[in-house]
Amino acid sequence: MRLKRCAAPTVLVAVLLFAVTATWLQFVRSDLDWVRATLSLYLHGPGGLWLRSAYCFLAVGIILLGGSLYGQLRGAARRGLPVALFGMAGLGLAGVAIGDSWLPAYTPLLAPLVHGLSAQMAFLCVTVAMLVQAWCFGRDARWRRWHRPAWWWAWLTFAALWGHVLWRASPRGLGQKLVIALVVGWLLMVTLALWRAGRKEPAETSGSGHNNGHSHHRESAP
């Protein structure tokens, strides 16, 4: 139970740490044009270690979020697909961070391939996971209020991703960072909803036990 209660705060810290680190680097890295430079370029040079660490924390947070939502949802809303997709997205993100830590120095020809495949897996899996998970919210009465905002936000993110991929003339850094910002915003919204749901659950369980006890007392009275 304690681990379950810590899941949402842990994910929240991971997402916020990534958001703050990535934003901070846009100001301190004067050697990069934030409109044209993708976030991947910030993995090296001043502050690169901080960003790679934030990538890894976010990867753990995404995996933990997928598992926590699976445990929170009930019935037809509980699906294994979003858990698997969030897990693959987290692994892809960790692959980018860890691979860029040492592959460029030891295998410079392999590093771009590993980076590209890992990044593509992370982006594609997390956006599809967002869509599937948002659809699942509509099948659980307790989470139905989050279905519409999560659903349309996920579609907006998915469309932004493919717009960035297909519109090659667009500013590459700005387009990629817009997609990342949309993903981070969705993760924050759902994590806060998960936190609220986790805080309500003990109170509901306690109230349910009280009502059951009260009903039993009335039935046994003469």
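Every residue, every condition in (1) β-branched (V, I, T); (2) at pLDDT 95 or above, yes or no:
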| site | (1), (2) |
| --- | --- |
| A119 | no, yes |
| A122 | no, yes |
| V126 | yes, yes |
| V132 | yes, yes |
| R148 | no, yes |
| W151 | no, yes |
| W155 | no, yes |
| A159 | no, yes |
| A169 | no, no |
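Yes or no: S30 of a type in the set (S, T, N, Q) and open to solvent by 90 Å² or more (accessible area, probe 1.4 Å)?
Here the answer is yes, as S30 does meet what is asked.
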Quick one: G116 ticks every box in (1) within 28 Å of L49 (Cα to Cα); (2) touching a His at 6+ places or on another chain (Cβ under 8 Å) bar one, so which box is it? (2)
Report yes if some residue within the range 185-203 is outside any helix (DSSP H, G or I) and either at pLDDT 95 or above or open to solvent by less than 20 Å² (accessible area, probe 1.4 Å) (or both); otherwise report no. no
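Would you mention how many residues in the range 144-174 are open to solvent by less than 20 Å² (accessible area, probe 1.4 Å) and either of a type in the set (K, R) or over 18 Å from M130 (Cα atoms) (or both)? Before the answer, list the steps.
Start the filter on the range 144-174 by keeping residues that are open to solvent by less than 20 Å² (accessible area, probe 1.4 Å), which leaves 150, 154, 157, 161, 170, 173.
Filter once more, keeping what is either of a type in the set (K, R) or over 18 Å from M130 (Cα atoms) (or both): 170, 173.
So the count comes out to 2.
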When you scan the range 167-175, do you find a residue that is in a helix (DSSP H, G or I) and among the hydroxyl-bearing types (S, T, Y), even just one? no
Within the range 82-113, the count of residues that are modelled with pLDDT under 95, farther than 17 Å from A54 by Cα and of a type in the set (V, I, T) comes to 1
For the range 137-156, state whether one or more residues are under 16 Å from the mean Cα position of the chain (by Cα), under 17 Å from G67 (Cα atoms) and not polar (S, T, N, Q). yes
Pairing a residue in the range 1-12 that is over 12 Å from Q72 (Cβ atoms) and among the β-branched types (V, I, T) with any residue that is assigned to a helix (DSSP H, G or I) and modelled with pLDDT under 70, where Cβ atoms lie under 7 Å and the two sit 6 or more apart in sequence or on different chains, gives none
Qualifying residues in the range 105-126 (those that are open to solvent by less than 80 Å² (accessible area, probe 1.4 Å) and polar (S, T, N, Q)) - the one nearest to G61 (Cα to Cα): S118
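The values are calculated or read from the model by the stated rules, or taken from the named source; none is laboratory data. Small disclaimer: the values here were computed from a predicted structure and weren't measured. Neighbour counts run over all protein chains shown; Cβ positions are idealised from the backbone, glycine included. SASA here: full protein model, heavy atoms, side chains in, ligands and nucleic acids out. Shrake-Rupley method; radii C 1.70, N 1.55, O 1.52, S 1.80 Å.
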